[in-house]
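Asker: Take this structure first; my questions come after.
Coordinate-derived values only; no laboratory data. Every value quoted in this text rests on a predicted model; they were computed, and no experiment measured them. Note that we place each Cβ from the backbone using ideal geometry, even for glycine, and neighbour counts take in every protein chain shown.
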Amino acid sequence: MTDALTATASFVRRVVAPLYRAEAALLRMPNVFDMFTQAVFFACCARLMAPGQRVSSVYALALVHLVSLLLRRLPSASAAAAAAGRLAQPVSPHAPAVRHLARSATAVVFAWARLVATLSAIIAAALALHQQKPPMTLLAAAILYHVITDSTVVAAIGTLVSNLGCAELDSLETQWTAVVLGGASAAIPLALVPSLLLGGHFRLVFAAVYINAFLRIKMMRAPSGSWSQLKESLEGVSRFRRASSLELSALNDVCPVCLGVMRTARATPCNHLFHGDCLRRVAAIADDCPMCKRPLCSAG
């Protein structure tokens with residue numbers, strides 16, 4: 001009996017080992033993983049919203065990625081054109097100006113050629129998608145899911161939220177945004193699972209649950225994942241108590257670290273007030289109060 005169990009366990013390990021290796025490799029490539037999750041979600045949406053259009057999800061995936069790529073390449077093309085004049089100047093009196101002019105022209109041509117190629121691909125993908133005549137709900141779902149899973153867009157949303165200045169978040173808006181959008185990207189595909197089960201699309205159910213939900217949460221909980229980073233930041237700042245409104249009004253001062261006005265603050269054991277994020281950054285470098293050099297380890 002023991003030998004049979006051992007042989008079974010060994011067989012299961014051999015079968016599962018390639019899956020674990022593929023999973024680990026996929027999680028090491030966040031951009032590729034995001035594309036995988038988008039492809040699975042688009043396929044699920046296409047199967048439910050446009051049953052007779054199997055390639056609609058492919059065209060939708062290509063279109064949103066090409067539009068995102070175009071938006072990323074626009075600044076580089078503009079920067080290449082703006083720097084053309086500076087690059088055309090020789091770096092030394094002995095260097096020929098023709099060489100630098102050629103280098104400048106080449107940089108501009110390459111940047112704008114990539115831009116034109118991307119724009120042409122967008123037009124081709126849009127025309128191909130138009131021929132399929134997918135419902136607008138499919139396109140809306142594709143755009144929404146791309147927005148909450150694309151790392152560049154998530155970072156831009158985090159910066160936008162940071163500019164709103166929600167003091168209660170202790171300047172952790174970017175990390176909170178990544179966690180909230182990551183959780184949404186795991187939860188939204190699960191909302192499609194009941195309909196997929198009713199339609200008998202069991203492979204898509206497995207892909208949505210495993211790739212979009214399980215692996216997304218696993219990536220967030222990894223040491224470098226958004227949830228782990230937010231948890232570490234919260235632990236770093238939560239050991240300091242919040243300053244009361246009476247303390248803030250009595251002090252009426254700025255943060256000693258960033259010199260910004262303190263609408264909310266965290267207090268050290270020696271009763272010096274700082275912005276929560278500023279105090280967290282200081283405590284990560286040295287466990288001493290920046291004002292009086294008393295130890296911060298007694299915070300509780």
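Asker: Just want the ordering: Leu119, Leu66, from fewest to most Cβ atoms lying within 10 Å of their own Cβ. Each step should come with its number before you reach the end.
Answerer: Values: Leu119 14, Leu66 20.
Fewest to most other Cβ atoms nearby, the residues stand as Leu119, Leu66.
Asker: Over all directions, the average projected area of the alpha-carbon convex hull for the chain comes to how many nm²?
Answerer: The directionally averaged projection comes out at 27.4 nm².
Asker: Explain nothing, just compute: Karplus ³J(HN,Hα) = 6.51 cos²θ - 1.76 cosθ + 1.60, θ = phi - 60°, for every residue of region 13-26 in order, whole Hz, x for Gly and Pro.
Answerer: Residue by residue, region 13-26 yields 4, 5, 6, 7, 4, x, 5, 5, 5, 5, 5, 5, 5, 5 Hz.
Asker: To make sure I understand, if each residue's beta carbon is the centre and we count other beta carbons within 10 Å, what order do His272, His146 fall in, fewest to most?
Answerer: Working: His272 19, His146 22.
Going from least to most buried by this count: His272, His146.
Asker: Through the Karplus equation 6.51 cos²θ - 1.76 cosθ + 1.60, θ set to phi - 60°, convert the phi angles of region 280-285 into ³J(HN,Hα) values in whole Hz; use x for Gly and Pro.
Answerer: Listing the rounded values in order: 5, 5, 5, 5, 6, 9 Hz.
Asker: Separate question: Given the DSSP H assignment, sum -39500 (n - 2.57) over each helix run of at least 4 residues in the chain and divide by its residue total; what's the result at 222 nm in deg cm²/dmol, nearest 500?
Answerer: Numbers: 14 runs with 207 residues, N = 300.
Rounded to the nearest 500, it is -22500 deg cm²/dmol.
Asker: When you take every Cα atom in region 240-285, what is the radius of gyration, and what is Dmax, the widest Cα pair distance, in Å?
Answerer: 9.6, 30
Asker: Hull surface divided by four, with the convex hull built on the Cα atoms of region 126-284: how many nm²? Mind showing how you got there, number by number?
Answerer: On the way: hull surface 51.3 nm².
Result: 12.8 nm².
Asker: Taking the number of other C-beta atoms within 10 Å as the exposure measure, put Thr264, Thr37 in order starting with the fewest.
Answerer: Working: Thr264 16, Thr37 23.
With the fewest neighbours first, Thr264, Thr37 line up as Thr264, Thr37.
Asker: At a Förster radius of 45 Å, what calculated FRET efficiency corresponds to the Cβ-Cβ distance of Ala128 and Ser224, to the nearest 0.05?
Answerer: Details: r = 37 Å, r/R0 = 0.83.
According to the calculation, E is roughly 0.75.
Asker: With unit charges on the beta carbons (Lys and Arg positive, Asp and Glu negative) and the dipole taken about the Cα centre of the chain, which residue among Asn271, Leu144, Gln38 sits farthest to the positive side?
Answerer: Farthest along the dipole direction, towards plus: Gln38.
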